[in-house]
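The values are calculated or read from the model by the stated rules, or taken from the named source; none is laboratory data. These numbers come from a predicted model, not from an experiment. All Cβ positions, even for glycine, are placed from backbone atoms using ideal geometry, and neighbour counts span all protein chains on display. With ligands, DNA and RNA removed, areas are computed over all heavy atoms of the protein, side chains included. Shrake-Rupley method; radii C 1.70, N 1.55, O 1.52, S 1.80 Å.
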Amino acid sequence: MTDSTYISANVSYSSIEKPPFRVVSVGSGNWGTCVAKIIAENTRENPLLFERQVKMWVYEEDYNGEKLTEYINTNHLNEKYLPGIQLPDNLVAIPDLLEAVKDANIIVFNVPHQFLEGILKQLKGNINPKARAISCLKGLRVYQDKVELLTDIISQELGIHCGCLAGANLASEVAEQKFSETTIAYPIPDDYCSGDVDPTVLYTMFHRPYFHVHIIEDIAGVSIAGALKNIIAIGVGFVDGLQWGENAKASIMRRGLLEMIKFGQKFFPTSKVSTFCEESAGVADLFTTCTGGRNFKLAQRMAQTGKSAAEVEVDLLNGQSAQGLITAKEIHHLIKNKAYLDEFPLFETTYQILFHGVSIGILPYMLENKWSISKPNYSS
Ligand SMILES: NC(=O)c1ccc[n+]([C@@H]2O[C@H](COP(=O)([O-])OP(=O)(O)OC[C@H]3O[C@@H](n4cnc5c(N)ncnc54)[C@H](O)[C@@H]3O)[C@@H](O)[C@H]2O)c1
Ligand SMILES: O=P(O)(O)OC[C@H](O)CO
């Protein structure tokens with residue numbers, strides 16, 4: 001069967017490139033490798049829609065005296081970031097970013113969000129201008145007094161349409177093919193032509209029997225929830241580390257959900273409450289991150305040991321990143337500059353405990369809105 005057999009009659013390719021689509025994953029950490037594995041499983045099962053080979057850009061480093069890319073390509077394993085998980089042989093690790101993205105028509109971004117800016121600088125002017133993108137990052141771009149979605153940053157910097165994927169997806173579980181759901185937000189772009197990347201293409205690329213995809217349009221809701229639940233998980237980890245019990249953790253999650261929704265309404269009024277309350281990217285991701293995520297575990301260990309966030313991140317994560325540390329700092333500066341500190345007490349208290357030695361014991365007062373009684377000095 002040829003491409004044209006796959007695409008039924010009346011398909012116009014005037015401003016797009018036709019299938020099979022070439023997919024690249026920019027990122028190869030814990031989640032980056034896991035998602036690249038999912039895509040490679042799907043591309044080999046759908047040869048008319050996708051090229052079989054999936055390229056995965058790897059930030060090169062030594063792994064036990066060998067280049068990590070060579071180790072991955074020889075053994076079909078990424079022991080550094082996704083240990084014990086066999087990778088499909090059509091997933092190829094590439095250390096050169098520009099070589100990896102060359103000619104790709106679907107670019108999947110999947111790096112810790114602090115590295116996105118540097119990557120986009122390198123990619124600008126060096127990608128297929130007709131490519132479409134999906135961001136799997138959980139973070140926001142925060143300025144002095146405004147905040148932008150990473151999907152918008154990718155679109156602005158590279159001139160390509162970008163959706164996002166997020167959900168209750170602990171990478172280690174998804175990689176072991178334990179069941180989970182995810183949410184993809186992908187509004188159809190203005191320059192869409194028949195045959196272009198659309199929800200069906202994305203569903204085929206990401207859905208697996210163990211990884212169920214639901215596609216919606218609310219990019220803002222999915223992005224905000226993915227970023228902010230990491231701060232909430234830190235609050236829950238503090239409480240858990242002190243063994244305050246399940247009820248206390250639920251209280252922090254409750255407040256966190258409210259602040260997430262309020263943040264959406266203030267900064268991205270198009271975000272939908274239903275995304276936070278009904279989607280895997282919303283409440284389900286909040287639950288899973290607050291029980292088994294790296295942000296939760298980091299805060300739990302901080303509470304147990306009294307060590308700093310930076311120390312615990314190094315001890316616990318072996319090169320992986322707890323994104324909530326950066327996001328808590330970023331959101332603190334934003335809500336302070338906008339004079340919204342009182343409206344986001346959980347985010348602010350979590351930041352103060354993380355970075356300014358404020359006692360975890362303040363959290364119940366914060367929940368009662370009496371937190372300002374012991375409000376620390378906000379000079380920082
Ligand atoms: N791990 C999960 O369970 C999970 C699940 C869903 C979403 N996410 C989100 O996915 C995104 C990617 O997370 P991850 O878990 O793949 O990453 P990770 O935390 O495993 O981070 C490590 C990655 O960062 C790379 N890196 C280190 N220094 C770099 C540099 N200077 N420039 C570029 N890359 C560099 C490393 O090579 C490695 O690939 C994050 O936003 C995260 O919140 C993670
Ligand atoms: O391990 P965390 O805390 O980065 O959370 C992982 C995922 O975002 C869970 O969906």
Unit charges on C-beta of K, R, D, E only; dipole of the chain, Debye: 800 debye
Contour minus end-to-end for Glu70 and Thr200, with contour as 0.36 nm per residue of separation and end-to-end as the Cα-Cα distance? 43.4 nm
Quick check: residue separation of His212 and Glu79 times 0.36 nm, minus the Cα distance between them. What number comes out in nm? 45.3 nm
Derived scalar couplings ³J(HN,Hα) [the stretch 18-26; Karplus, 6.51 cos²θ - 1.76 cosθ + 1.60; whole Hz; x for Gly, Pro]: 8, x, x, 6, 9, 10, 10, 9, 8
Between Glu148 and Leu242, what length in nm is gained on full extension when 0.36 nm per residue of separation is reduced by their alpha carbon distance? 30.3 nm
Kindly express, to the nearest 10 degrees and within the range 0 to 90, the angle between helix 246-267's C-alpha long axis and the longest C-alpha principal axis of the chain. 60 degrees
Where a ≥ b ≥ c are root eigenvalues of the Cα gyration tensor, a/c under 1.5 meaning rounded, otherwise prolate if a/b exceeds b/c and oblate otherwise, the stretch 3-217 counts as rounded
Which angle between 0 and 90 degrees, to the nearest 10, do you get for helix 323-337 versus the longest principal axis of the chain when only C-alpha atoms count? 60 degrees
If amide H atoms are built 1.01 Å from N in the plane of the peptide, which residues on other chains or at least 5 residues away come under 5 Å of the amide H of Arg208? Val213
Efficiency of FRET from Cβ geometry, Gln53 and Arg254, R₀ 35 Å, rounded to 0.05: 0.15
Nearest 10, in degrees from 0 to 90: the angle of helix 219-241 to the longest Cα principal axis of the chain is 40 degrees
In Å, descending, principal axis extents of the Cα set of the chain: 70, 48, 36
Is the shape of the stretch 226-373 best called rounded, prolate or oblate, per the rule: a/c under 1.5 gives rounded, else a/b larger than b/c gives prolate, else oblate, with a ≥ b ≥ c the square roots of the Cα gyration tensor eigenvalues? rounded
Per residue, accessible area of the stretch 226-373 with a 1.4 Å probe, heavy atoms of protein chains only, in Å², comes to 40 Å²
Enumerate the calculated ³J(HN,Hα) couplings along the stretch 187-201 in order (Karplus 6.51 cos²θ - 1.76 cosθ + 1.60, θ = phi - 60°), each rounded to whole Hz, writing x wherever the residue is Gly or Pro. x, 5, x, 4, 9, 4, 10, 3, x, 5, 4, 9, x, 5, 4
Which cross-chain or sequence-distant (5 or more) residues have an amide H under 5 Å from the amide H of Leu82, H modelled 1.01 Å from N in plane? none
Please identify, among Asn75, Asn169, Asn110, the residue showing maximal mean-square fluctuation in a Gaussian network model of the chain using a 10 angstrom Cα cutoff. Asn75
Enumerate the amide H contacts of Ser135 below 5 Å, restricted to partners 5 or more residues apart or on another chain; note that Pro and chain-start residues carry no placed amide H. Phe109, Gly163, Cys164, Leu165
Could you work out the relative contact order of the chain, using alpha carbon pairs under 8 angstrom and six or more residues apart, expressed as a whole percent? 14 percent
What's the FRET efficiency of Asn126 with Lys329 using the Cβ-Cβ distance as r and R₀ = 30 Å, to the nearest 0.05? 0.45
Please turn the phi angles of the stretch 354-364 into ³J(HN,Hα) values with the Karplus equation 6.51 cos²θ - 1.76 cosθ + 1.60 (θ = phi - 60°), one per residue in order, whole Hz, x for glycine and proline. 4, 10, 10, x, 5, 6, 4, x, 6, 4, x
Only bridges with both residues in the chain count here: give the DSSP antiparallel percent, nearest 5. 30 percent
Modelled label-to-label distance, Cys277 and Phe115, 7 Å Cα→beta-carbon offset: nm? 3.8 nm
A 1.4 Å probe over the protein heavy atoms gives the stretch 31-141 a carbon and sulfur accessible-area percentage of 48 percent
Counting only protein heavy atoms and a 1.4 Å probe, tell me what percentage of the stretch 226-373's accessible area is made up of carbon and sulfur. 50 percent
